[in-house]
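Chemist: My structure is below; once you've seen it, I'll send some questions.
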Amino acid sequence: MKADNISVQYETRVGTPVLAVNDVSFHLEHGEVLGIAGESGCGKSTLAAALSGNSASNMRITGGTVSLDDTTTIDIVKTQGIPRDWRGSTISLLPQRALNALNPTARIGDYAYDVIRAHEKRMNRREAMEKTGERLEQLGLPTRVLKSYPHQLSGGMRQRVVTVISTLLDPDILIADEPTSALDVSSQKALVLMLQKMMNEGMLSRAIFITHDLALLSNIATRISIMYAGEIVEENTTNEIIHNAQHPYTRALLAATLEPDPSIRNITIKGLSGQSPDMQTPPSGCRFHPRCPYAMPVCAQKVPGATPLGSGFARCWLLDGTTEIPDPIKHEEVVAS
Amino acid sequence: MNEPFYSVKNLTKVFGGGQEQVVAVKDVSFDVTPGEIIAIVGESGSGKSTLARMLLKLSQPTAGTIMMDGEDVTKLKRPNQLKPYWRDVQGVFQNPAGSFNQFYSVRTVLEKTFNLHEHRLSKAEKLERIHKALNLVGLDPQQTLERGSHELSGGQRQRVIIARALLVDPRLLIADESTSALDASLRVTILNVLKDLSQRLNLSVLFITHDIGQAYYLADRVFVMYRGEMVEQGPTETVLQFPQHDYTKRLLADVPRLEGWTASPGDLSIEELAKALT
C-alpha cells in the first residue's frame, strides 16, 4: 500500500480551516506493522479516519492518492475517501473505544452477523455465527461471548472482540486507532499478543497501529512514524527510532517514556514546554520550533526537508549537515535527598 | 522520621447486597506521614478510585476507620464538619476539564475556592494567594488568570486544578489518575510539579495510577491493590525490584517497555495465548 501526499482539513464555522494532516506519505508492505505515534491533536486519528473511509462531516480531504499493490492509484480528493467497497473488507478500522463501537442492545453474535451480511449477502445467520465462533476459537477467546451483550464483558475483552469483528472479513489492511489507550497494561499486552497471532496466522497481512504510547508501539510495530502538528517529522525502523532517534521531538517523546526501571529514580526528566500549536495558524518554518530546545533562526523561517537516514528520514534543520547535532539532553540529575 | 498524621484501618466498601454484592474495597489499612508520596497501583476495577472517594469523604465506608491527628473522621457528615476536613485533604481527578466550570475564567474558578475558608480574606490577600499557588505549579498568573478553560492545554488545565487544591493549604493531596489523560511529555511536567510541591510544602500525596512507570518515578512508597485488597505495600525500590505477590509480578511483566516485554511474547502457542487472554 502506498499513500502519497495526504492532506486533510476541517471546516470551521469561523471560516479558517484547521489543517489537521499536511502532506503525509507512507508505504506499507505485506507483513509490516506501521506505527504512528504523536501527542493528542497531531492528526493521527484524522489520518486514520480519512484512510478507512470514516470521515467526519466537516472533514475535507484536500490532497492525496492511495494505491494498493501498484494496481490502481486512487485520487482520494475526488471521492473524498477510499471507495465504499473497500471499507471493512480491504481497509478496516479498529476504533478507540470498544464500548462505543459495539451496539449495547445487540448480542455480539448478532452484531458480527450484521457486519458479515453487509458484505456477503449470501451468508446466512448460522454460517456467520460459525465463522465468527471459529475465529474466536483460533484466537483463544471463549465462544460464549457470541451470546453476550457488551456490558457483560470486561473492557479488555470488549476491545478484543471488536478487534476480531473488525478483521472478520480478512481485510488487507487493519488501521488500529488507539486501540489500547483505555485499557490497563495486562489487557494492552493481551491485545498486542492477539494482533501478533493474527499476523502470524495470516488472518491479517499488514496493519497501521496508532498510539501515543511509544513503549507499547515498539512491541508491535516494524516501522514507526512520528507525527507532530499534522506532519511526519521522523520515520524509521522501530529499532532505529528507539535507539537512534534524530529528531528532537522524537527524543523528547522517548525521554518522557517512564519505564519501571531503577534508572528513573532520583532523576528529574524534563518534559516538553509549551503546547501543541493551534492548527488554524500553524507556526512558520519547522512546526516544532517554538517548543524545540535546539531551535535556531532558520527553523522559524524555512520548512526543513526530509533528510534521508539509512532506512528512514527525519525533517530537522539540525540534520542538514551544516550544524553539529547536540547530544540529547535527556535527564537532569538531581541529588538524592 | 516523621510521625504519621493520617491513618486508615480496615477500610471496606461494599456495593449492593445479596447475590449482587460487590466488595469493592476490602480491609485496607495504611498510614501517611507528612511530605511523603505514596503511589497506589492496580488495574481497572481494583478499587483504587473507590478508596480515593472514601478518603475524600465523597462516599461513606461500609466498615473501618479513617483517623486524622488522632481524631476519628470516618463519620463526618455535616457541611460544617466536612469543610475543615477538606481544607486538609484535597483531590485532583483524571479529567481536568470536568473539574472546571467552562463558563468561568481561571480567576473565578480559583476565587470560588475561598468559600471553603471560614475566615474572610480581603481581595488583595486572595489574589496574592492565587498568584503564589499558580507560581508553585509553574504557571504565569498574568497569562493564565483571565483565560477560560478552553484556552488552556490539558497540562495547564490540570496545573490550575492542582493550584486550586493548594489554595486551602492542604496536608494531603489525593491525585486519582490525574496524569492518565495527558500526553507523555506533559505528564512528566505534572509529576515534577507534584514532586516539587511535596518537598517544598511538606505535602503528602496519594498518587493513584495504573501505570507502574509513573509510580516508580514519583513515589516513596508503593501500595498494590488487586480485587479490592491491598496485596503489597512498602518502599518503592523494594516493592518494584523484589515483588512478593504474584499480581505485582504480573503487573510488572505486563508493562510495555521500549526493549520489549521482559518475557518476550515471540511465537506463542494457542494455549499460552488463551491463558494470557483470560
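Computed from the coordinates by the stated procedures, all read-outs in this text should not be read as laboratory data. Fair warning: this is a prediction, and the values are worked out from it, not measured in the lab. Cβ: placed from backbone, ideal geometry, glycine included. Neighbour counts: every protein chain shown.
Chemist: Just grab the label-to-label distance for A:THR65 and B:LYS132, each label 7 Å out from Cα along the Cβ direction, in nm (one decimal).
Modeler: In this crude spin-label approximation the distance works out to 6.6 nm.
Chemist: Another question, then. Let me check I have the definition right: for chain A, take the eigenvalues of the Cα gyration tensor, multiply each by 5, take square roots. What are those semi-axes in whole Å, largest first? Kindly include the intermediate steps, with their values, before the conclusion.
Modeler: Details: eigenvalues 268, 121, 62 Å².
Equivalent ellipsoid of chain A: 37, 25, 18 Å, largest first.
Chemist: Using only alpha-carbon positions, what ratio does the radius of gyration of the protein assembly as shown give when scaled by 2.2 N^0.38 Å? The partial results should precede the final answer.
Modeler: Values: Rg = 25.5 Å, N = 615, 2.2 N^0.38 = 25.2 Å.
Compared with the compact-globule rule of thumb, the protein assembly as shown sits at 1.01.
Chemist: If you put +1 on each Lys and Arg Cβ and -1 on each Asp and Glu Cβ, how big is the dipole of region A:248-333 around its Cα centre, in Debye rounded to 20?
Modeler: 240
Chemist: Could you calculate the FRET efficiency of B:LYS77 with A:ASN244 from 1/(1 + (r/R0)^6), where r is the beta carbon distance between them and R0 is 41 Å, rounded to 0.05?
Modeler: 0.10
Chemist: Relative to the present Cα-Cα distance, how much length would full extension add between B:SER29 and B:GLU125 at 0.36 nm per residue of separation?
Modeler: So the chain would gain 30.6 nm between B:SER29 and B:GLU125.
Chemist: Still on this model: Which percent of the Cα-Cα distances in region A:248-333 go past 17 Å?
Modeler: Numbers: 2058 of 3655 pairs.
Here the long-distance tail beyond 17 Å is 56 percent of all Cα pairs in region A:248-333.
Chemist: State, to one decimal in nm², a quarter of the convex hull surface area for the C-alpha atoms of region A:212-255, i.e. the direction-averaged projected area.
Modeler: Projected area, direction-averaged: 2.8 nm².
Chemist: To continue, here is another question. In straight Cα distance, which lysines are under 29 Å from B:LYS123, not counting same-chain residues fewer than 8 positions off?
Modeler: Straight-line reach from B:LYS123, under 29 Å: B:LYS83, B:LYS112, B:LYS132.
Chemist: In chain B, once you exclude exposed GluC sites (Glu not before Pro) (DSSP loop, at most 15 other Cβ within 10 angstrom), what's the longest stretch remaining?
Modeler: The answer is B:1-117.
Chemist: Is there a simple number for the mean count of other chain Cβ atoms within 10 Å of the Cβ of residues in A:188-194, and what is it?
Modeler: 5
Chemist: Roughly what percent of Cα-Cα pairs across region A:175-314 reach past 26 Å?
Modeler: 33
Chemist: Compute the longest continuous run of chain B that contains no exposed trypsin sites (Lys or Arg not before Pro); treat a site as exposed when its DSSP state is not H, G, I, E or B and it has at most 11 other Cβ atoms within 10 Å.
Modeler: With a cap of 11 other Cβ atoms within 10 Å, the longest stretch comes to B:121-278.
Chemist: Straight distance only, please: which lysines reach the Cα of A:LYS2 with their own Cα at less than 28 Å, same-chain residues fewer than 8 apart left out?
Modeler: Partners within reach: A:LYS44, A:LYS78, A:LYS197, A:LYS302.
Chemist: Beyond a 24 Å Cα-Cα separation, which of these cross-linked pairs lie in this structure: B:LYS77/B:LYS195; B:LYS48/B:LYS126; A:LYS189/A:LYS270; B:LYS9/B:LYS48; A:LYS189/B:LYS195?
Modeler: Numbers: B:LYS77/B:LYS195 32 Å; B:LYS48/B:LYS126 34 Å; A:LYS189/A:LYS270 28 Å; B:LYS9/B:LYS48 16 Å; A:LYS189/B:LYS195 30 Å.
Violating the 24 Å Cα-Cα cut-off are B:LYS77/B:LYS195; B:LYS48/B:LYS126; A:LYS189/A:LYS270; A:LYS189/B:LYS195.
Chemist: Work the Kirkwood hydrodynamic radius out for chain B: mean of 1/r over every pair of different alpha-carbon atoms, inverted, in Å.
Modeler: Over chain B, the inverse of the mean reciprocal pair distance is 20.1 Å.
Chemist: Region A:90-151: percent of C-alpha pairs farther apart than 17 Å?
Modeler: When all Cα pairs of region A:90-151 are counted, 45 percent exceed 17 Å.
Chemist: Along the principal axes of its C-alpha atoms, what lengths does region B:80-140 span, in descending order and rounded to whole Å?
Modeler: Sorted largest first, the three principal extents are 28, 28, 23 Å.
Chemist: Nearest 10 degrees, 0 to 90: what angle lies between the long axis of helix B:123-136 and the longest principal axis of chain B (Cα atoms)?
Modeler: Rounded to the nearest ten degrees, it is 30.
Chemist: Which listed residue (B:LEU136, B:GLN241, B:VAL14) has the Cα farthest towards the positive end of the charge dipole for chain B, taking +1 on Lys and Arg C-beta and -1 on Asp and Glu C-beta about the Cα centre?
Modeler: B:LEU136
Chemist: If you take every residue apart from A:GLY63 with its C-beta less than 14 Å away from the C-beta of A:GLY63, what net charge results, scoring Lys and Arg +1 and Asp and Glu -1?
Modeler: Local charge sum for A:GLY63: -2.
Chemist: Another question, if that's okay. Dipole magnitude of region B:1-126 about its Cα centre, charges +1 at Lys/Arg Cβ and -1 at Asp/Glu Cβ only, in debye to the nearest 20?
Modeler: About 620 debye.
Chemist: Right, another one. With labels modelled as points extended 7 Å from the Cα through the Cβ direction, what inter-label distance (nm, one decimal) is found for A:GLU259 paired with A:SER89?
Modeler: Between A:GLU259 and A:SER89, the label points sit 4.4 nm apart.
Chemist: Same structure, new question: Within chain A, what's the longest stretch lacking trypsin sites (Lys or Arg not before Pro) that sit in DSSP loops with no more than 13 other Cβ atoms inside 10 Å?
Modeler: That gives A:123-301 as the longest site-free run.
Chemist: Per the helix-only calculation at 222 nm, which mean residue ellipticity applies to chain B, given -39500 (n - 2.57) for every DSSP H run of n ≥ 4 and division by its residues, nearest 500 deg cm²/dmol?
Modeler: It lands at -11000 deg cm²/dmol.
Chemist: If r is the Cβ-Cβ distance from A:HIS30 to B:GLU20 and R0 is 51 Å, what FRET efficiency results, to the nearest 0.05?
Modeler: 0.55
Chemist: Rounding to the nearest 20 debye, state how big the charge dipole of chain B is about its Cα centre with +1 on each Lys and Arg Cβ and -1 on each Asp and Glu Cβ.
Modeler: Numbers: 32 positive and 33 negative charges, 245 e Å.
It works out to roughly 1180 debye.
Chemist: Here's another thing I want to ask about it. If the viscosity is 1.306 mPa s and the temperature 10 °C, what translational diffusion coefficient in µm²/s does Stokes-Einstein give for region B:26-106 when Rh comes from Kirkwood over Cα pairs?
Modeler: 107
Chemist: For region B:34-191, what mean projected area does the convex hull of the alpha carbons give, in nm²?
Modeler: 10.4
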